[in-house]
Amino acid sequence: MAYTRAVSKEPLSEAIQHYLREIYKLGQAGSPVSVTALAKAQGVAPASASAMVKKLAALGLAEHARYRGCTLTEDGERVALEVIRHHRLLELYLAETLGVHVDDVHEEADKLEHALSEELEARIDRALGFPTHDPHGDPIPDANLEWPRLASRSASTQ
């Protein structure tokens, strides 16, 4: 699916979606993400990552303070979680339903995640039984973009 900005409804490019996903992943520790770390993770020059961070900030998807790194806004985080959800659902669907080897699902899901409609996402989710983890064991955000809860001790012993 082509994610859009909440205000103008203009589509977000695949590159923007990939950067948002990476900033989300790198920022899991709770600290702002440095442009250097982002450039390394994306396999681009620091100047390219810096230009994209400025673009994300202009779109209202990230906040950036020079020399202090960047963080996602609420809108940026929502898009990042959607991209992660689509990617991981697709990985599981490709592995379980189509028999694609688990080592090959990442690259295919990376291509398809941007074209997946919300309707097809819901159908895949339902067909897979509303999974909580992808074939690599990574958690899948649910339809409300919330992470699966860890099973409590009392529930796991029953």
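Can you give me the angle between helix 74-96 and the longest principal axis of the chain, using Cα atoms only, in degrees from 0 to 90, rounded to the nearest 10?
Helix 74-96 and the main axis of the chain meet at about 40 degrees.
Of all the stretches in the chain, which is the longest one without any exposed loop site, taking trypsin sites (Lys or Arg not before Pro) in a DSSP loop (any state but H, G, I, E, B) with at most 16 other Cβ atoms within 10 Å? Each step should come with its number before you reach the end.
Working: sites that count: ARG5, LYS9, ARG66, ARG68, ARG149.
The answer is 69-148.
Using the scaling law 2.2 N^0.38 Å as the reference, what is the normalised Cα Rg of the stretch 14-72?
Working: Rg = 9.8 Å, N = 59, 2.2 N^0.38 = 10.4 Å.
Its radius of gyration relative to the 2.2 N^0.38 Å reference: 0.94.
Within the chain, count lysine pairs with alpha carbon atoms under 20 angstrom apart where the residues are 8 or more positions apart or belong to different chains. Intermediate results must be reported in sequence, preceding the final value.
Values: LYS9/LYS54; LYS9/LYS55; LYS25/LYS40; LYS25/LYS54; LYS25/LYS55; LYS25/LYS111; LYS40/LYS54; LYS40/LYS55.
Going through the chain pair by pair, I get 8.
Output wanted: per-residue J couplings in Hz (rounded whole) for the stretch 130-135, from phi through Karplus 6.51 cos²θ - 1.76 cosθ + 1.60, θ = phi - 60°, x for Gly and Pro.
Result, ordered by residue: 6, x, 10, 9, 7, x Hz.
Working from Cα positions, state the angle (0 to 90°, nearest 10) between the long axis of helix 46-58 and the longest principal axis of the chain.
For helix 46-58, the angle is close to 80 degrees.
Which residues in the stretch 112-131 have a backbone N closer than 15 Å to a point placed 7 Å from the Cα of LYS25 along the Cα-to-Cβ line?
What the label zone holds, given the 15 Å backbone N cut-off, is 112-114.
Average the reciprocal distances over every distinct pair of alpha-carbons in the stretch 81-147, invert the result, and give the Kirkwood radius in Å.
Values: mean 1/r = 0.0873 Å⁻¹.
The answer is 11.5 Å.
For an R0 of 30 angstrom, estimate the FRET efficiency from the Cβ-Cβ distance between ALA143 and THR73 and round to the nearest 0.05. Present the calculation step by step, with values, prior to reporting the outcome.
On the way: r = 22 Å, r/R0 = 0.72.
Computed FRET efficiency for ALA143 and THR73 comes out at 0.90.
Just how large is the dipole of the stretch 81-147 about the Cα centre, in debye to the nearest 20, putting +1 at every Lys and Arg Cβ and -1 at every Asp and Glu Cβ?
On the way: 5 positive and 17 negative charges, 39 e Å.
The dipole of the stretch 81-147 has a size of about 180 debye.
What does the charge dipole of the chain about its Cα centre add up to, to the nearest 20 debye, if the Cβ of each Lys and Arg holds +1 and the Cβ of each Asp and Glu holds -1?
Details: 17 positive and 24 negative charges, 152 e Å.
Once rounded to the nearest 20, the dipole reads 720 debye.
As a test of understanding, state the convex hull volume per residue of the chain from its alpha carbons, in Å³. Each step should come with its number before you reach the end.
Details: hull volume 20.8 nm³, N = 158.
Given the Cα convex hull of the chain, per-residue volume reads 131 Å³.
Given the -39500 (n - 2.57) contribution per DSSP H run of 4+ residues, what per-residue ellipticity at 222 nm results for the chain, rounded to the nearest 500 deg cm²/dmol? Please report the intermediate quantities before stating the final value.
Numbers: 7 runs with 79 residues, N = 158.
Per the formula, -15500 deg cm²/dmol.
Given R₀ = 22 Å, FRET efficiency for VAL44-GLU107 by Cβ-Cβ distance, to 0.05?
Numbers: r = 18 Å, r/R0 = 0.84.
With R0 = 22 Å, the Cβ-Cβ based efficiency is 0.75.
Hey, got a sec? Which GluC sites (Glu not before Pro) in the stretch 59-155 land in a DSSP loop and have at most 12 other Cβ atoms within 10 Å?
Numbers: sites: GLU63, GLU74, GLU77, GLU82, GLU91, GLU96, GLU107, GLU108, GLU113, GLU118, GLU119, GLU121, GLU146; in loops: GLU113, GLU146.
For GluC sites (Glu not before Pro) across the stretch 59-155 that sit outside H, G, I, E and B with at most 12 neighbouring Cβ atoms in 10 Å, the list reads GLU146.
Given points 7 Å out from each Cα along the Cα-Cβ axis, report the HIS136 to ALA65 separation in nanometres with one decimal.
Modelled inter-label distance: 3.2 nm.
We did not get these values from a lab; they are worked out from the coordinates using the rules stated. Nothing here was measured: the structure is a model prediction, and the numbers come from that model. Virtual Cβ from ideal backbone geometry, glycine too; neighbours counted across all protein chains shown.
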